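Written out below as structure tokens is the structure these notes cover.
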Amino acid sequence: DYARSPAIPANGLLIENGRIRNNLADGCNFCQGTKNSTVQNCSVRNNGDDGLACWPDTTNNAPMEVNNSFLHNTIENNWRAGSIGIFGGSGHKVQYNLIKDSFMASGIRFCTTFPGFHFENNTGILFSDNTIINCGTSQDIGNAEYGAIELQATTGPINNVTFTNIDIFDAQRSAIQVGEPGGFTGVVFNNVNIDGTGVDATTTSVLAAPHGGAAFFAYTNNGTITFNALTYLNVENVPPMIIPAGFNVILNNAAAPTITTQPQSQTVMQGASVQFSVTASGVPAPTYQWYHNGSAYSGATANTLSIANARTIDAGDYTVVVTNSLGSVTSAKATLTVTAAPVTPPTPSS
């Protein structure tokens, strides 16, 4: 009588070099105590629930899932839930995956919504070196709003999860979204790059006041998230991070912007017009401050410095200091040399 017998979990299962297509449910779901098992080098496309998932369901007294891995896979066109979903357990690794074009779905989804083991006994789960393109949604089939990365602490906390070397491009709504009352501890994002949010242009929200796609959006006041070396560009919402009172975001080691001045030096004759400009890359919401020979220079506007009628006193070093919205600062220098205008000799009188 299987219904009354203890579950016998898979151990050491390997699924590799395969194609998983067009399912109405999950492409692959490691469930009920599956451990030490791997999906790698697979193409997963057009599935109608999670593409790849770990669900530590306890039916038939199944033990907790541990040490499962999703490695070097491509997950595309997932049209519900999450391209990769982790719902509990410990020791899982999700690395070197390409996740793209989720429809009404997250790229990566953690949640404690479903019954079973959650993250109470999790000593560490690692997501690293994953690329997420065109994922998340403002309205799934249940009218829910999901980020390209979605963390939902619905009925219990999400603990001890590390995201490292993650690129998120063109999120349909917010790039990273966290919420529900269960709380977040030991959740760390290292070296995350976000370029593009709010692609679907929706601003209505079932979770909060109307807002555009944010780099980070929290709709809970319970928990702490740490970011180390976070960068973001082309973020729809202003401000780029939506953080309610009571929720704690720690920003460390914000990536320094890369800036250059054009030209880096120039020589002009007295009376000529001069213009320096600065180009900043990898800079979320930059601000600019120019200095002339060490003193604040008021004649510059944002990333451009213009001098209409150069004089010898305008010569010297011009330093621009660029600060990004995460507090990281860098600077670049340009040099101006002003030469005396040539003296025109008087015309001899006849």
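Taken together, THR279, THR319, THR304, THR287 contain a single residue that is closer than 30 Å to TYR232 by Cα, of a type in the set (S, T, N, Q), modelled with pLDDT of 80 or more and touching a Lys or Arg at 6+ places or on another chain (Cβ under 7 Å), which is THR319. Residues in the stretch 203-231 that are under 14 Å from ALA175 (Cα atoms) and in contact with a Ser or Thr (Cβ under 8 Å, 6 or more places away or on another chain) were compared, and the one that is surrounded by the fewest Cβ atoms within 10 Å (Cβ to Cβ) is GLY212. Among the residues of the stretch 225-277, those identified as of a type in the set (Ser, Thr, Tyr) and either touching a residue at least 40 places away in the same chain (Cβ under 8 Å) or in contact with a helix residue (DSSP H, G or I) (Cβ under 7 Å, 6 or more places away or on another chain) (or both) are THR231, TYR232, THR258, THR260, THR261, SER265, THR267.
Remark: GLY271 matches the filter, which requires a residue to be open to solvent by less than 50 Å² (accessible area, probe 1.4 Å), modelled with pLDDT of 90 or more and of a type outside the set (A, V, I, L, M, F, W, C). Out of curiosity, is SER102 under 23 Å from HIS72 (Cα atoms) and either assigned to a strand (DSSP E or B) or β-branched (Val, Ile, Thr) (or both)? Criteria not met by SER102.
Put simply, of ILE176, ILE194 the only residue that is out of contact with any Pro (no Cβ under 8 Å at 6 or more places or on another chain), surrounded by 24 or more Cβ atoms within 10 Å (Cβ to Cβ) and at pLDDT below 95 is ILE194. Counting only residues that are among the aromatic types (Phe, Trp, Tyr) and free of Cβ contacts under 8 Å to residues at least 24 places away in the same chain, the stretch 292-322 holds 1 of them.
Taking first residues from the stretch 157-172 that are closer than 24 Å to PHE114 by Cβ and touching a residue at least 12 places away in the same chain (Cβ under 8 Å) and partners that are open to solvent by less than 40 Å² (accessible area, probe 1.4 Å) and of a type in the set (Ser, Thr, Tyr), the Cβ contacts under 6 Å between residues at least 6 apart in sequence or on separate chains come to GLN172/THR137. Restricting the stretch 49-79 to residues that are within 21 Å of the chain's Cα centre (by Cα) and on the phi > 0 side of the Ramachandran plot, the residue that is most open to solvent (accessible area, probe 1.4 Å) is HIS72. When the stretch 255-268 is limited to residues that are crowded, with 16+ Cβ neighbours inside 10 Å and within 32 Å of the chain's Cα centre (by Cα), the one that is modelled with the highest pLDDT turns out to be THR261. All of ILE168, ILE158, ILE242 fail the test of being crowded, with 17+ Cβ neighbours inside 10 Å and out of contact with any Gly (no Cβ under 9 Å at 6 or more places or on another chain), apart from ILE242.
Of all residues in the stretch 137-152, none are assigned to a strand (DSSP E or B), open to solvent by 40 Å² or more (accessible area, probe 1.4 Å) and acidic (Asp, Glu). Elements of the type strands (runs of 3 or more DSSP E) sitting completely within the stretch 198-295 and holding at least 1 residues that are over 30 Å from PRO342 (Cα atoms): these cover 216-218, 224-233, 248-252, 258-262, 274-281, 287-292.
The values are calculated or read from the model by the stated rules, or taken from the named source; none is laboratory data. Quick caveat, the model's predicted, so the values are computed rather than measured. Using ideal geometry, Cβ is built from the backbone for each residue, glycine included, and neighbour counts are taken over all protein chains shown. SASA here: full protein model, heavy atoms, side chains in, ligands and nucleic acids out. Shrake-Rupley method; radii C 1.70, N 1.55, O 1.52, S 1.80 Å.
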